[in-house]
Each structure stands twice: as structure tokens, then as C-alpha cells.
1. How big is Rg to Rh over segment 239-329, alpha-carbon atoms, Rh as the Kirkwood inverse-mean-distance radius?
2. In whole angstrom, and with the biggest value first, how far do the Cα coordinates of the chain range along each principal axis?
3. Taking only the alpha carbons of segment 32-186, what extent do you get along each of the three principal axes, in Å, biggest first?
4. Taking the alpha-carbon centroid of each part, what is the distance from segment 831-885 to segment 360-401 in angstrom?
5. Would you please state the base-10 log of I(q)/I(0) at q = 0.16, 0.18 1/Å for segment 718-803, with intensities from the Debye formula using one equal scatterer on every alpha carbon?
6. Return a whole-number percent for the relative contact order of segment 667-771, with Cα pairs under 8 Å and 6 or more residues apart as the contact set.
7. If I take every Cα pair under 8 Å that is 6 or more residues apart in segment 60-194, average their sequence separation and divide by the length, what percent do I get for the relative contact order?
8. Quick one: in segment 431-480, what % of C-alpha pairs are over 18 Å apart?
């Protein structure tokens, strides 16, 4: 029996209503107008007023605002700290730090109660008669330094200056007139306190680029990084670390970061504000030079103290704890007592240097890789320390807070990845992250209250522009972007970069290429990835990519010239480079298969591989040449020729085969569903089964094994079999399609045939069919021993519509249904649980397999696995644990971006049935369901969805 539902995890959301315009950069009405509005504030001729005593970072960003005004309006507003005497002043300042703002408050002209004392809030308001002789003013007031900075950058963006103006060369549209609508606009408080990026794995791309452009990864480069983060309303940075030391390489780095208001951290294995590289440089100065607390505790304490003293006056989020030197485990096993001692000693240094209790200095303990084992086995740190949980380096969060435990003072955060160096294979070249997957995983983080810190590894920063924007927008307010609005987000982002006209098409391209790239990382592709013979899989992959290239090229021809450099970086290059790489591997696979089959055309495909390999280099060279070579080196990451987890030093073209070709023409036959060729093979040439509820076409290829050409004709064909060509001539190869005339085909199951004849040679092709009466059939229909159903194509949704949430575009073939996206749930199975129902019709009976294709979510509950259940008709539901009931290991799951879970099922009768999939735990993300009798034809993406009958 199903037990009554027990709700053991509940989350009560407090609803705060803001008079707010800002919603995580998501599309909505702007407070800027291009047309005159009654009582609006004109922006085309203004002066900026800032108190001289306000934060230095506010003054620095005001200079950016000044520059942005010039780009948009053509006018250069003066920046003044004098008495306000202009007709239309823009008054900028921080509450409590700016006399200009405080005077407006004390005079009753400005109400800052909405933002005062809050974290990173800003207020933009048009006020009348702020002072004698001044008719109208625009006020940008911040609750703190970053609040003021965000307000200025928000005005820039609303005027039309993209945050990616410098980093992706997004042009600025000139506006003859701009107005701020009357009213008061408040930003609200960001839902995630610290929001930032980690520049990592930055060689050879960003490293070589920065050395050429700036003389190194130094303060000149970092100034552009700081501005980008702030324009995106982030506030946090882990700096580059491959052979680099942020605080030591350029002493201006931390000073400038602090001026701008960037909170600095160090990566998960670099404690106490010191880079790993610093230890390598100075280890002889600290004890015996070993990174080992058991043998060199005093030396390490001195090393950490020196680093912390150096940076104590800056705003830091201090990493504590310890891992081994070089991003390795500290010891074999979990030395909990030792690590607890290390943390205590580090906190003693913090308290001693600052002269304040350690809990007054923000700290973070990163539970990365093996460090999570310490926590899982009982190690704890003081309550004020933020616990930084991590994903598995592949975008799947490993652990989330337990809602049953008391909240921590320091809270929880998440360290996420868009880029990684490590197993099962490094991925560093192009963006392979779907924002839909970021939404699904980081929404879990938000629901489980991991909201103190979100930081994401972005590698070289470029070409991760799109997901970086989304990550930081979503961090500001996860409630502002629902799953059903994700495609709107993409279109809105495209609009901000390229304007209205083509935003919808560009947004769709961004969503589509990242979906394709997420199926398998480019670095993991091989000629064997996609099936050449089953379901037309490899050809569809190439065709779909190339259709996307055509669409991207078409738009490239339409957009104004000033947008082309940005468009190439953000859209055209990743689409063309990804398409080319996939075609390279599929063409290599064809070359090898055709060589094995003896096709003369195999040699042509060998040449085509060489052309595609060369094209890859040409695309990279084009990227490096745009904008006068501004981005030289940035796309130099090797991505072809991997043999293990680490990247090759140089790219290597896949091996191809050439064959000796006969001087005389000779016929060969290949068919869909088999790698064999005829007449060479002794097996019967048998096509996949046709079923009358669909309109299938399966191919037969006639190829030449020699030189010259030959004629062929179709003989001995059953009259209900249709072949696209009955006769013809073949020089290289010809594909014909076989279909069925169902009106004249015999009823039931049977096998017809036809022969292909060339001279005295003949090959017989068998054609199996199943001609059924569909009047009483309902749902997906079995054919070729399987029923395949996309998760989103359910026939009914029961009990709770919020239990299953559609995440559009997420997944390898269609979209995804995810369980309990709106509240953290680790529940029990009950007849009241939400379910998805799928109707299907089977012919096979007895023991079959049911296979669920799931996103590779990890057991973040750490309670033995995530669960769901399924039932057939009125049968007892069977609970499935996706982590205990899968045969896929972690490397297989993340490599395929799918976890396959299989269960045995007994179908006693053929006919109509209903499958129900029941939600139990949050985090289950269902993509596809396959019911099969025995083994079915192999493919990477799985069989195509079965034919559906709606009665």
C-alpha cells in the first residue's frame, strides 16, 4: 500500500513588496524614455555632482558614467563637487557619506528609508526643486559604496551601454534625446550577498592575451574585470592563479579592487589571502619549506600571518582551512583533528592581527572535493564561517544545506563551474553551459538557502559572456526569473547587446547552440560519439548545427556593420566553431566506416576531414584578428586531439584512412541500422520495422567500390513498397528512401522485400512492417521493440501542478521536467504526490526494461540518493533511487550529461497502458523515458520519440 504523505520539509517565503524597477537584468519597462514625458528629467545635457568626501570608487565610476554619457548623447557632462547650480543636475552619493545626499534627506526632498542601512541598495529618483534655483534633479543614492556604484552603472545600462561594451565590443547606440521618467525607483536588496566569478585555467588563452595587451595579468587588466563585475551587479572575485599571485604580482591590484568595492577572495585551496604561487616563491623563508602542518606549522602560520597583515585593510572574504600544495588532498583519509587545529590557528591569527574577535572578519570554508568528506564525517567550523558548498566541477551541486538544521550565522554558498581542468576531461574552449541547467541547479541552491556566496569558475572569462550574465543576474534575485521565462531572458540579453530587431532570433541561437554543446563537451567528442547508422543520429547532429550556422550567417548579413565584431564573438564564432568541430568528427567517422565498407568515396571524406581541421584554425585566426587584434590569443585553447583528461600541447587532426580503389566500377549496398555492407556481408540486409501510425522513411545507400560509374535498377519489389528511385546511375554513392503505401499493404506484421541489381550482381533488402488498426490505440506506440517518450510530452499531470516544473530547452533532445522546483523536498511516496502520466501502446509482453534518462543531479541530500517512483495502470508504484539504481558511474553520467536508470517491468498484456512517474524528492530532472524489449539499436542520444496516436 502507498503510505500517507508526510511533509517533512517546508519553506515559508516572506513576500516583500518593493517600489522597484530592478529585477536581475530581466526584461521589463525601463525608467528611461526616448520620448518626452511630463515631469521627466532630460539626460542629454547634465552635470554630475558628487561630494568630494564620498568613496573614491564612487568618483572612479562617475568617470565611467561621464564617458558613457558621451557615448550615448555625444555630450561630456562635467563632474563637480561644488554647490549645485545647474538647471538639470545629476546628484550622486552614498547615504551617510555624501553631504549632498544627506542634505536632501534632512531638507525633506529625498526619502531614503527604503534603502538606508541595507546591503547594496540604490535609489534613483527625479525630485523637484532640490535647492534654490534648481528646477529638477536626478538623484542616484546608494545605501553603501557598491549601492551607489550599481546605481550609476544601472543608469548607464538603461541608457544603452551594455556591461559587455568593453569585453565584447558591444556598440553604443547614439540617442538624440533621453529622459528619466518621474518617480522613485529602488533596486531592492540582492538575494545572494556575495556574487562573483573565478578567473581560472587561464593559460594559454587569457594569459597570453593579457601579456600582449597589458604586459601581464596586472592592475590594468583587472581594472576592466572589476568594472565588468560591477556593471553586472556582482561584487566578488577569485583572481587568476595559474602561476600568478594577485597581491604580489602587482601591488596595485588589491588597492584598486578595494577602491572599486570588489570583495576579494582566494580559491578553495589558497587560505588566508595568499596565493599558492606565493608559497612556491617564498617557501624557503618559512620553516623547512614544506606545505605540511604536521611538520611545518610555525612556518605556515608565519606565511599566513604575513599575507593577512598585508591585506587586512581591504575588504576580503577570507578562505580558511587547508588542502595539499598544488590543489591536491592534504592527507590520505580525513585528518579531522588536524584540520580543526589549522582552522583554530588561522582564526587566532585573524583575531590577533585585526584586534577584533575573529567572527567580525568574514570567512569561508570551501567544501571542495575531498574537503566535503571532512564535513560529512562530522567536522565543524565556527558558526560565523560561511560553508562554501561545491558542484562536481561539471555543474552538478554535490551538497546543499539540511533544512532541518538550524541556520548558520555565516550561511552557505556555492562554488560552480563553467570551465574545468580535470577528469574525466578538461573543458576550457567554448561555452557548453545551458542557462537552463544553471537555473535548475542554482534554483535548488536558493530553495535550500545557500545564498551567502555564489562564485563561478569562468576560465578565461571569454567566451562565457552569456552564462556569466545569467549567473550574476540570477544571483541578484532568483525569484525574478521563472523557469518558463528562460527563453525570454535569452532574448532580452540579445536585445541589450544588439537591439530589438533581431533579438528574438539571436536569443534562440544562443539557447540552441548551448543545448547542442551541452550534449557532450567538445573536448570529449570522438568519431565514435554519434551513431552513423541508427536513427540518422550523426547526420542530424551535423545538419542541426549547420542549419544554426546558416541562421547565424543570415543574421550576420542583416545586422548593422557596427555590431558585427560583437556578434562574431558572442554568436557567430561559437556557433560556427562548434558546428565545424562536430562535422569534423562525424566526417572522420564516415571516412573510417566507408573505408571498412570499401566505398571509393572514403578517400574524398579523408580530404574533407583535412579541410574541416584547417577551417577550425581559420576561425580561430579570424577571432584573433577582429577589432584590430584586440583579442589575440584568447581562443588559443587546444581542443582537438585529447587522449586523456588533460589538454594536448598542440592540436592533432584525427587519423583518417585511404583505400586502394579498383579501376572498374562495382556496386556495394549499405542500409540504415547496420554498419555491414552487401554483398560483402553474409547477414540478411533488413531495414528497421515500419509501423502504419507513422510516416517513416529508411534509407538504402548504393555506392561504388571502384572507378567510373554503373547503372542499377530495382527488381522483385512488393507493390506496397515505395522506393524513391527505381533505377539510375551511380558514380560515387546514392541514397534512396524506402517508405510504405499503407493503403495497399497487408494488415498485421509481415516482411516484404525488393532487390537492387547491377549487371549480374543483386542484393535483396527485407522490409518488415506492422500495419495496425489504430482506432483503439491511445498514446505512444511501440515499434522496433521500444517506446520512447520525451518527458515533457505527458498526457496528464496529477495532484499538484507545482510538483513538476517544465524547464524548457534543458536536456539533450527536448526539455526537462524537474521535481519540486518551488520548495525543498525530501519526502515519502503517497497517493497525493504529484505525478506525470504517459499513455502508451505495447506489442511486446512479458519482461521488458523501462529506462529513465535523467540530468546527472547528485545526491545533495547526502541521504542515500534522490528518489522518484513509477507505476503502470493501477499497479503498485515502484520507488527508484537514481543513485542506487543506475549502472552509470560518475564519469559516464557527466560525460554523457545523462544518468540512465533502468528497472525491470512485466507487461502481461499488449494494448493501451498508462505510465505514471511520481515525484518524491527535489532535484529529479527527467528528460526521456524508454520502454524496451531486449536490446535496441545503439545511439548516443537514444532512439527518437515514438509515434503518437491521439484518440
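1. Numbers: Rg = 12.7 Å, Rh = 13.4 Å.
With Rh from the inverse mean 1/r over Cα pairs, Rg/Rh is 0.95.
2. So the three principal-axis extents are 100, 62, 62 Å.
3. Here the Cα extents, ordered largest to smallest, are 41, 32, 26 Å.
4. 31
5. Each listed q corresponds, in turn, to -0.84, -0.95.
6. Numbers: 234 pairs, mean separation 33.6, N = 105.
Dividing the mean separation by the residue count of segment 667-771 yields 32 percent.
7. Values: 222 pairs, mean separation 37.9, N = 135.
So the answer I get is 28 percent.
8. Working: 300 of 1225 pairs.
Value for segment 431-480 (Cα pairs over 18 Å): 24 percent.
FYI, it's all coordinate maths here, none of it is from the lab. This structure is a prediction, so every number in the text was calculated from the model and none was measured. Cβ coordinates were reconstructed from backbone atoms using ideal geometry, including for glycine residues, and neighbour counts include every protein chain displayed.
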